[in-house]
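The values are calculated or read from the model by the stated rules, or taken from the named source; none is laboratory data. The structure presented is a predicted model; accordingly, all values stated were derived computationally and were not measured. Cβ atoms come from the backbone with ideal geometry, glycine included; neighbour counts cover every protein chain shown.
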Amino acid sequence: MLGGGQLGRMFGMAARRCGYRIAVYGDPADSPCGQISDLSFPGAFTDHEALARFAQSVSVVTYEQENIPVSTVEFLQNFVPVFPGPQLLKASQNRLLEKTSLRNIGIPTADFLRITSAEDLIQGLAAFGGAGILKTVTMGYDGKGQAKIKETDDCHAIWKDFGVSEAILERLVDFQFELSIVASRFSDDSCHFFTPALNHHVNHILDVSISPCPEISARHTKEANLIAREILEHFDVRGVLCVEFFATRDGHLLVNEIAPRPHNSGHLTIEACHSSQFEQQFRAVCGLPSGDVTPRSPAVMINLLGEHLLNVTPERWSSVFAMTDVYVHMYGKAEARIGRKMGHITVLAGDCQTAEQRAREARRRLGFSGP
């Protein structure tokens, strides 16, 4: 596993359950993934000697985040298979390349423009009706590296603050809600799709995911499946992919972002489905057939960030663990910080409304006073 965060941790837990051993590269042994791994290689992604030693200790490599250098994957491919491979990774690292690649194969996205100066930004805002979202091309996640701006703002100051040579301006989308789908593709070219999840964000960070959700129609699901399949096949993916969408008011979907890995919105599949997104990942990269991704129950996932745990006590944890059909996942991170994902809670229930109410109640029991 390249990367030692929580996605690697949950992948490792799923793979170990089925008898696989795990080696993690890029983070220390006390990282979330390192804690459950057999071997840890805390080297730099540019250290070819360390990468070669890592490659010689494993049979197949995958990754848990998209900020792995493409050159690292290309180097490792000289020694060992790496899935999903560099093509999807490269596209997902650069917002301009990502959206251009999607548009080139006929997949709808929000309108966008390449921005290289304050003058470009001023002209772009005028073209987009006076407002838009300016984003860095690389390294942005959970709302980092982006800002909603208007043509009445000081565009020269904003561009200077961004401090980049290239950015992307996206037209604002008037959407009903946001949703995502996690999909997987296997060595026999078959594609398998989890039920889409409806997502609520707070401060640009995913807060709650709900699946299945009545607001997501059969038409939405069919369209999401078709788009995810097109991306999987275009990039010749072997592994897991998440596609995030805006559902427009005319009933169609626009792709917001793609991720070449399991996704926060898919964590509920651990309890809600026969085969989770992490089991699908190790099955795909290890040459096994797909598991059963049929949902067993409506489910809601709610994130636990650093701010949600400020007032937590053993007694508060006990009250959460006393709740039935409530599943706690903590990631083993040593330091809680505002906005940092420390864990999540999944709740199963007979319907999504009940599951969401119980998920929010579980988080409140930890001492969080918000919704």
Response to the item:
Looking across segment 234-271 at residues that are small (Gly, Ala, Ser) and in a helix (DSSP H, G or I), the single one that is nearest to Phe186 (Cα to Cα) is Gly266
Worksheet item: Quick check: anything in segment 145-159 among the aromatic types (Phe, Trp, Tyr) and crowded, with 19+ Cβ neighbours inside 10 Å?
Response: yes
Discussion item. Pairs please, first residue from segment 144-163 and on the phi > 0 side of the Ramachandran plot, second anywhere and surrounded by 15 or more Cβ atoms within 10 Å (Cβ to Cβ) and not polar (S, T, N, Q), Cβ atoms under 7 Å, 6+ apart in sequence or on different chains.
Written reply: Gly145/Lys135
Worksheet item: Taking the stated definitions as given, is Leu121 buried (at least 16 other Cβ atoms within 10 Å of the Cβ), outside the structural domain of Phe186 (by TED's automatic domain parsing) and either acidic (Asp, Glu) or assigned to a helix (DSSP H, G or I) (or both)?
Response: yes
Discussion item. I'm told His220 meets every condition in (1) closer than 21 Å to Asp292 by Cα; (2) more than 18 Å from the chain's Cα centre (by Cα); (3) crowded, with 16+ Cβ neighbours inside 10 Å except one. Can you identify the failing condition by its number?
Written reply: (1)
Worksheet item: Being surrounded by 17 or more Cβ atoms within 10 Å (Cβ to Cβ), of a type outside the set (A, V, I, L, M), at pLDDT 95 or above and part of a strand (DSSP E or B), is that true of even one residue in segment 89-108?
Response: no
Worksheet entry | Pairs with Cβ under 9 Å, 6+ apart, first in segment 224-241 and at positive phi, second part of a helix (DSSP H, G or I) and surrounded by fewer than 23 Cβ atoms within 10 Å (Cβ to Cβ) | Asp236/Gln87
Discussion item. Checking Thr116 against (1) buried (at least 17 other Cβ atoms within 10 Å of the Cβ); (2) over 18 Å from the mean Cα position of the chain (by Cα): exactly one of these is not met. Which one?
Written reply: (1)
Worksheet item: For segment 272-358, which fully contained strands (runs of 3 or more DSSP E) count at least 1 residues that are touching a residue at least 24 places away in the same chain (Cβ under 8 Å) and of a type in the set (Lys, Arg)?
Response: 341-348
Worksheet, complete the sentence: Of the residues in segment 139-171, those that are closer than 22 Å to Phe246 by Cβ, modelled with pLDDT under 95 and part of a loop (DSSP other than H, G, I, E, B) come to Gly140, Tyr141, Asp142, Gly143, Lys144, Gly145
